[in-house]
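A quick write-up on the structure given underneath.
Read-outs throughout are calculated quantities, based only on the coordinates presented, and are distinct from any laboratory measurement. Owing to the predicted nature of the structure, the values given are computational and were not obtained by experimental measurement. Methodologically, a virtual Cβ is constructed for each residue, glycine included, from the backbone with ideal geometry; neighbour enumeration extends over all protein chains shown.
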Amino acid sequence: MSFRYIGRKSRTKEDPRFVTGHGRYVADVALPGMKHVALVASPYPSARIVSIDATAARAQPGVHYVLTGDEFCANTDPLLVGVDAPEVKRWALANGVARYAGEWVAAVVADSRALAEDAAELVEVEYEPLPYVIDPEAALAADAPRVHPAHGSNVLYHRKFVWGEVDAAFAAAENHIAFRAVWGRNATVPIETFGVAASWDPGMQLLDVWASIQMPKYPDQTARALRLPGNAVRVHFDVDVGGSYGVKRGIKHTALVGYLAKRLAMPVRLVEDRLENMRGGDMHGPDRFFDMQVAFDGDGTIRALKIRAVDDVGAYAGRSPLQLGKPVTAICGPYRIPAVEYEPISVMTHKTAQEAVRGFGQSPTNFAIERAIDRVARHLGMDRIALRRKNLIRADEFPYTIPSGSTYDSGDYHAVLDKALAAIDYPALVRERDAARAAGRLAGIGFATCLEPSGGNSAFEVLFNLKNDTTTWMDSCLVRVDLSGAITGVMNTSSSGQGHETLVATVVGEVLERDPATIRVVHADSLTALPSNSPVGSRMAIMLGGAAAGAARQIKEALLAIAAHNFECAVEDLEYADGDVRLKGAPEKKLSWTQLVTIAHRNIHKMPPGLEPGLQAKFVWEVPTGGGLPTPEGRIQIYPCYAFEAHVVYVEIDRDTGKPTIQRYLVGHDCGVMINPDIVHGMTYGGIAHGIGAALYEKFAYTEDGQLASGTFMDYLIPSAHEVPELKIVDHCTPSPLTTFGQKGSGEAGYLGGPAAIANAVNDALEPLGAAIDTLPMTAPAIWQCIAGARSEQKD
Amino acid sequence: MSEALYPITVEVNGVARTAQVHARLSLVDWLRDALRLTGTHVGCEHGVCGACSILLDGEAVRACLMYAVQADGHRITTVEGLAAPDGALSVLQDSFCETHGLQCGYCTSGLLIAAQALLEANPRPSDAQIRDAIGGNLCRCTGYQQVVEAVRLAAERLAGGDR
């Protein structure tokens, strides 16, 4: 397929407003008379709230209200839980019991944020500390303190899936390995914290909401929590979101602010400060360990995999347990592994609640699988690339169905890996590493070959909760051509940097052969919006792109029908070019774009019967391959499209400090047809940087007494331009057969393989010492301890 | 909290602004809330992320670590002051658009300020010098790659006579 606009270098529609400081984020929304919220947080990881005395706080100048959990929980409904656990109830304010240090206990509303903070310090809360559990393995013990006693245990979800003849494969295989891989608790930590402003209109009986949001079904959940009809909540999706990458799910914040705005009949805004965000914003990502077992033959053929994954979701559950579910759709990675056992266990502890993070649990799983591949190679003394080449699914095997029931759409994994190795000059890289080693340095090369499932079909919901039968994950677009002939696309959620306006304009321009620079794209509000499931799960290139193309095609069909009617010919006799329509073989018979648009808007006497006047079209697109329910064994098609990435990383480690330095980074990437290469590359670079953080630096560490030890940017370390090296991408294109233009999703690229590749590079560097490390983040002190341990073993 | 107000006069983006401010009012809050210059963003409020960077007498500083009263008598440029008076993008801003050196845009104001300060002091920086200059600005979207490309491109264009 050749394209006029798709895949070409072109500037984005969004960038100019941001470089001039004219973005409009939630903190820029200033409503007349708006009040501000500050929060009182529990200092204890587990405590009964004996009493709250807000007398002094209420007496402060400028203070309008102090809300406590008693009032809030009595008047709102708890937030939805992604699995079947009705007793795990969560509100924005603790309901009699605080379940983690930092949990919000009361909210103060004042004329300014500063005054609200002053007053919050005067709220006196009496607590009765209760037993708590911080370690997830300890939380699994029968006698562990229970985070939600009414739930009966700390286990939110536990099932053992067996797909294929796993035990037979283990019995027959010549070799086995077993090890534990540990993924640290980190998150995407956008530079903008979460914020929400709300205003209640008593005349309209309508709650207006402006939020920094990226969440499926957010308006609906807000309305349910506030016991309002869905059409009494209007979420304004034209708010720029200052980064999200999964975590901007602030439904609890919205329920709180929405309640206050209605209760006080005043506009109210809450913008988290960094500490509120880090310890009480409920935005930590997966906190997971994997007990991995692999069965394989002496020639490197992998026969079966057993994965036990224990994930610590913290004190409450929204969609977090489902982050163990998405990996089912790529549970054997890009490899031909015929039998897999997967035992996901979701456990609660007295920590901040987990939320969706880029990849929705796939990156930790890829890390565990890729560590397994490298460990198999080390066990056999086999070259890691040769082992991968042997087990990677071959290009001629697509579509390829994996044991858990998902079918991979397309790919050429060997070609992408080869391209990456050629681009980095692999033989030279090996020489460089070996020379460094010969000079006494610790140096290693790491690989990761892994998948990015895309298309955001959340079928893990029905897999993990048999009471849930949601099989529809549509997205939509409205395209209209106005009387002047200008085109406007309407999308139905907010964006957080993904360039959706550019996406829609490019796709609509491609179909209608009109310059995307002239196409405006706006964000509807939730009452005027068509159905959407928000930009999650690397879905928008596929889903919004597909919907925009579908709507544009209908416009094109309408233009052709108008011309056919006026020329009294068949549509097949017409040619469409640049928006004008000509009769084939009679170029003088032409209706221009302007003439056609004018007929549609003004001349119903020139319109074909049955065609509605005006020129607009909506298209609602269901996820390709979506709509199914799981088999009794838990086999299901989850995501439709599978992008592939092959990372190659070169790391050196300072022997004396353990400090790792990434000296070279290259990724081969195949996400099918790219709509806008700069946007795809940008997200991939950012994903890698985020992966560097997860691999080496970032961790929400908790002390033994349940306190978050890394609640600021002084101790939760986000990679800067010093830690992130120059990054290189080599593109490859295997179109998806399932999508409009062959595109696959790409919003999670880089992050899905980065941590695995870096971990493998660090381990390659440690191999001459006989040492290995499988716990993220691999901080300098952790690597140093690993080196020191290996040295003392050698002495022994 | 002291109720005392202090008079300040600050040149902001070429315009003299006077105000009466509380001693504890941070500079970034004054710029954003009082002057409605909302292009300067708040990220961490403890001086690490750099999203609130502004030029103070030509030097990149963090507006969350200064009080408004401390800006009295100084000259400030915010991101809104980088473009030409007619709204035309500066070479640096245009270069960010050309390389797509941003995504969500939230940290971008601070990165532009850091890069502007760099290019004023060092018109032909090396990549390492660019990374040094933006090393105090955290970005979660870009991995810095296209940011470095933007600053490099801007330096080349400025050296070639673009204004």
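Descriptive notes on the structure:
- Ordered by the number of other Cβ atoms lying within 10 Å of each residue's own Cβ, fewest first, A:Tyr576, A:Tyr751 fall into the sequence A:Tyr576, A:Tyr751.
- Shown for B:Val21, A:Val416, A:Val155: other C-beta atoms within 10 Å of each C-beta, ranked fewest to most, produce the order A:Val155, B:Val21, A:Val416.
- Normalised alpha carbon radius of gyration of segment A:78-136 [divisor 2.2 N^0.38 Å]: 1.43
- Candidate lysines - alpha carbon under 27 Å from A:Lys217, same-chain residues fewer than 8 apart omitted: A:Lys13, A:Lys35, A:Lys89, A:Lys248, A:Lys252, A:Lys262, A:Lys326, A:Lys351, A:Lys467, A:Lys618, A:Lys744
- Given chain A, longest segment not containing exposed loop GluC sites (Glu not before Pro) (DSSP; at most 11 other Cβ within 10 Å): A:88-567
- Placing a label point 7 Å from the Cα of A:Glu137 along the Cα-to-Cβ direction, the residues of segment A:762-796 whose backbone N falls under 15 Å from that point are A:774-776.
- When the P(r) is computed for the protein assembly as shown, the part past 48 Å accounts for 24% of the Cα-Cα pairs.
- DSSP assigns beta bridges within segment A:614-747; of those with both partners inside it, close to 70 percent run antiparallel.
- For segment B:91-159, size of Cβ-based charge dipole, Lys and Arg +1, Asp and Glu -1, in debye: 120
- Each Cα pair of segment A:382-472 feeds into the Kirkwood radius, which the Stokes-Einstein equation turns, at 37 °C and 0.692 mPa s, into a diffusion coefficient of 197 µm²/s.
- Between A:Ala517 and A:Tyr576, the distance separating the two model label sites (each 7 Å from Cα on the Cα→Cβ line) works out to 2.4 nm.
- Helix B:108-121 and the long axis of chain B differ in direction by around 70°, with both axes built from C-alpha atoms.
- Candidates A:Leu130, A:Pro78, A:Thr68 compared by Cα position along the dipole of segment A:31-130: farthest toward the positive end lies A:Pro78, with charges placed on Cβ.
- Computed from the Cβ-Cβ distance with R0 of 22 Å, the FRET efficiency linking B:Arg157 to B:Asp86 stands at 0.70.
- Dipole magnitude of chain A, debye to nearest 20 (Cβ charges: Lys/Arg +1, Asp/Glu -1, about Cα centre): 960
- Helical content alone sets the calculated 222 nm signal of chain A at -8000 deg cm²/dmol, taking -39,500 (n - 2.57) per DSSP H segment of four or more residues and averaging over every residue.
- Per residue, the Cα convex hull of segment A:31-130 amounts to 112 Å³.
- With a cut-off of 10 Å between beta carbons, the residues surrounding A:Gly405 carry a summed charge of 0, where Lys and Arg count +1 and Asp and Glu -1.
- Per the Kirkwood formula applied to alpha carbons, segment B:5-81 shows a radius of gyration over Rh ratio, Rg over Rh, of 0.92.
- Straight Cα distances below 21 angstrom link A:Lys659 to the lysines A:Lys699, with same-chain residues fewer than 8 positions distant left out.
- Within a Gaussian network of chain B (alpha carbon springs, distance under 10 Å), most fluctuating of B:Ala16, B:Ala71, B:Ala60: B:Ala16
- Among A:Gly444, A:Ala150, A:Leu769 the positive-end extreme of the charge dipole of chain A (Cβ point charges): A:Gly444
- Nitroxide proxy distance, nm - points 7 Å out along Cα→Cβ at A:Leu206 and A:Gln785: 5.7
- Within straight-line reach of A:Lys590, meaning a Cα separation under 20 Å, sit the following lysines at least 8 residues removed in sequence or on another chain: A:Lys556, A:Lys606.
- The fewest-to-most ranking of A:Phe179, A:Phe194 by surrounding Cβ atoms within 10 Å reads A:Phe179, A:Phe194.
- Long hydrophobic helices in chain A, taken as whole DSSP H segments with a C-alpha length of 20 Å or more on their own axis and mean Kyte-Doolittle hydropathy at least -1.0: A:362-380, A:540-567, A:677-692, A:780-795.
- Summed side-chain charge close to A:Thr193 - residues other than A:Thr193 whose Cβ falls under 11 Å, Lys, Arg +1, Asp, Glu -1: -3
- Modelled label positions at A:His605 and A:Glu767, each set 7 Å beyond Cα in the direction of Cβ, lie 8.2 nm from each other.
- Over every Cα atom in segment B:91-159, the radius of gyration and the widest Cα-Cα span, Dmax, amount to 10.4, 30 Å.
- Rounded to the nearest 20 debye, the dipole size of segment A:31-130 about its Cα centre is 200 debye, using +1 on the Cβ of Lys and Arg and -1 on the Cβ of Asp and Glu.
- Efficiency of FRET from Cβ geometry, B:Ala23 and A:Thr55, R₀ 30 Å, rounded to 0.05: 0.60
- The residue list A:Ser538, A:Pro229, A:His605 was ranked by how far each Cα lies along the charge dipole of chain A toward its positive end, using unit charges on Cβ atoms, and A:His605 comes out on top.
- Efficiency of FRET between A:Arg655 and A:Glu174 - r from beta-carbon atoms, R0 45 angstrom, step 0.05: 0.75
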